[in-house]
Each structure stands twice: as structure tokens, then as C-alpha cells.
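*Asks:* Structure incoming, see below.
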Amino acid sequence: MNQLITFDSAEILVAHKVDVTNLPLNEQIKKIFELAALTLKEDGLTMHDIIFIIAEMVDMHDRPIINEAQKTVWTQQEHFPCRIILQRGGFKAGAGLRLIFTATKAPHKQISSSKGQVPTGPFARSAVVGNRVYGSGVRAIIPGTQNKISNDIQECAHQCLRNLAINMEESGTSIKKAYSFVVYLTDLNNIAKVLEVFDEWGFSKSEVHLQFEYVDALNEYHDIEIACNAYI
């Protein structure tokens, strides 16, 4: 049992009756991290027990602010959480972002590597908890150049899966052992084309969980980002 605990910033702001509407974004994030630490403390955990963060921004241009805020909490690479960052609005409590945290009571290890796509922020490639690997989202970046492969959505999907394959190997498993994928798209009309790519990789919707989510924007304004979880 992996003993995962998930909670989000909108809920804890409302629960603690904290209004951050008039605060600058860096102060909003600081307050959210303070409340997250209190929430974890109730379960005997600390911020270093957070293995994954989904950062939903109102404006992707504010990504450097969340990067700097994370560095004040997780100062060592071995403690960096995994992360997905995207642009999507409609948050409670007037916040300029929503942070969804996943923490664990179980022993865990954050995986960083120099192979594959280079992370553009303070986050890990994956987290190993028990017999499972939870992977950060990856984009259609060519590892050798760190440039986007093309504007073709299927070529981009293939590159995302190649990058996930590298991350899974660096985490002690294989993408062939993946049991779930989340595909973030700026245009849901591309779902059918992306499903064709998954079929080519041998992933069937009847065998793995495939979830598609619409986002307003992704990091560096890519069209697709994919994350996966796998067994070891």
C-alpha cells in the first residue's frame, strides 16, 4: 500500500478561511506552502514527503515565480517533487494558481537524471514509492538539442513517449509497465490522432488507463504533454 495523500491549495485556503486575493503571487504561494506544511503535520509528515505537485497557473508567464518559490522549500535536488505545470483558470479563494499536492507516508525516492529531456524547473523526473513509479509530465523535446521536435501532433506524441521511456528506465522500470497515462492537450480535437500513436506503441485503452485533459496552455506553449505511472 503506497499510502498516498492528495490535497489541493483551493481546499486548504477555504478550510483555513485565508483570502489571498490581494497578495502578489509569490506571497500567495508562500502562504499556500505554509498551509500545506500544517496539513501534512497533522499526519506526521513534512514538505519533503510531497512527491508530486500539479501547478495550475492562471498565467503561464508566472512560471518563474513558482520555480523560485519551490527552491525556497526544496533546496536539494534529491528532495524535488515531480511536477506538471499548466495554465488553467477558475480557482477558489482568489488565488493566481492552484497547487495539487501528493504526499506519501511510505519510503520514497525522487529520481533525477542527466539523460533525456532536461527539466526546466526544480522538479524530479519521477518518484519511486514501493513498487510504483510516478512520472512528471514530459513534452515533445529532443534530448540532444532540447528543442521541440515539430508542430505535428503525432510526432510530438511519439517524442513524449520516447522521453517517458527514458525516464522510466532511469527509474528502474520500463514504459511497457505503465498502467496509466494522462495526456494534456491544448486542443481536444487531437485526441484521435494521439490515440493512434498509443496504438502504435502497443497501449490499448482496455489495458491501460488513458486520461485526456484540456488545458489553456502548457510550458513553453507546447501543444501536448504526457505523464505516466508504472509498476516496477
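The values are calculated or read from the model by the stated rules, or taken from the named source; none is laboratory data. Note that the structure is predicted; figures quoted are calculated from it, not measured. Glycine also receives a Cβ, built like all others from the backbone with ideal geometry; neighbour counts cover every protein chain displayed.
*Asks:* Need pairs with beta-carbon distance below 6 Å; first residue closer than 19 Å to Lys31 by Cβ and within segment 89-112, second outside any strand (DSSP E or B) and at pLDDT below 80; sequence gap 6+ or separate chains.
*Replies:* Here the result reads Arg98/Phe91, each pair linking segment 89-112 to a residue that is outside any strand (DSSP E or B) and at pLDDT below 80.
*Asks:* Can you find even one residue in segment 194-201 that is closer than 23 Å to Ile65 by Cα and crowded, with 20+ Cβ neighbours inside 10 Å?
*Replies:* No, because not a single residue in segment 194-201 is closer than 23 Å to Ile65 by Cα and crowded, with 20+ Cβ neighbours inside 10 Å.
*Asks:* Residues in segment 71-86: is at least one over 22 Å from Glu34 (Cα atoms), of a type outside the set (A, V, I, L, M, F, W, C) and buried (at least 18 other Cβ atoms within 10 Å of the Cβ)?
*Replies:* Scanning segment 71-86, I find no residue that is over 22 Å from Glu34 (Cα atoms), of a type outside the set (A, V, I, L, M, F, W, C) and buried (at least 18 other Cβ atoms within 10 Å of the Cβ), so the answer is no.
*Asks:* Out of all the residues in segment 136-153, which are touching a Lys or Arg at 6+ places or on another chain (Cβ under 7 Å) and small (Gly, Ala, Ser)?
*Replies:* Selection gives Ser136, Ala140.
*Asks:* What is the residue count in segment 72-96 for residues that are basic (Lys, Arg) and at pLDDT below 85?
*Replies:* Adding up the residues that qualify gives 1.
*Asks:* Give me the residue from segment 113-157 that is touching a residue at least 40 places away in the same chain (Cβ under 8 Å) and surrounded by fewer than 17 Cβ atoms within 10 Å (Cβ to Cβ) and, out of that set, nearest to the chain's Cα centre (by Cα). Lay out the reasoning, then the answer.
*Replies:* Filtering segment 113-157 for residues touching a residue at least 40 places away in the same chain (Cβ under 8 Å) gives 113, 115-117, 120-140, 148, 151, 153-154, 156-157.
Now drop any that are not surrounded by fewer than 17 Cβ atoms within 10 Å (Cβ to Cβ), which leaves 113, 115, 120, 130-131, 151, 154.
Details: Ser113: 16, Lys115: 18, Thr120: 12, Gly130: 19, Asn131: 19, Asn151: 22, Gln154: 21 Å.
Once the filter is applied, the top-ranked residue is Thr120.
*Asks:* A follow-up question, please. Can we say Asp62 is of a type in the set (Asp, Glu) and in contact with a helix residue (DSSP H, G or I) (Cβ under 7 Å, 6 or more places away or on another chain)?
*Replies:* yes
*Asks:* When only residues in segment 20-42 that are surrounded by 12 or more Cβ atoms within 10 Å (Cβ to Cβ) and of a type in the set (D, E, K, R) count, which is farthest from Gly135 (Cα to Cα)?
*Replies:* Checked segment 20-42; the qualifying residue farthest from Gly135 (Cα to Cα) is Glu27.
*Asks:* Take the residues in segment 4-19 that are under 19 Å from Phe80 (Cα atoms) and not acidic (Asp, Glu), then tell me which one is surrounded by the most Cβ atoms within 10 Å (Cβ to Cβ).
*Replies:* Looking only at segment 4-19, we keep the residues that are under 19 Å from Phe80 (Cα atoms), and these are 4-9.
Those still in the list that are not acidic (Asp, Glu) too: 4-7, 9.
Values: Leu4: 16, Ile5: 17, Thr6: 10, Phe7: 17, Ser9: 29.
Ranking the candidates gives Ser9 first.
*Asks:* Out of the residues in segment 202-232 that are touching a Ser or Thr at 6+ places or on another chain (Cβ under 9 Å) and among the polar types (S, T, N, Q), which is surrounded by the fewest Cβ atoms within 10 Å (Cβ to Cβ)?
*Replies:* Checked segment 202-232; the qualifying residue surrounded by the fewest Cβ atoms within 10 Å (Cβ to Cβ) is Gln211.
*Asks:* Any residue at all in segment 97-120 that's farther than 26 Å from Asn229 by Cβ, among the charged types (D, E, K, R) and modelled with pLDDT under 95? Step through it out loud before you land on a result.
*Replies:* First, the residues of segment 97-120 that are farther than 26 Å from Asn229 by Cβ: none.
No, there is no match, as no residue in segment 97-120 is farther than 26 Å from Asn229 by Cβ, among the charged types (D, E, K, R) and modelled with pLDDT under 95.
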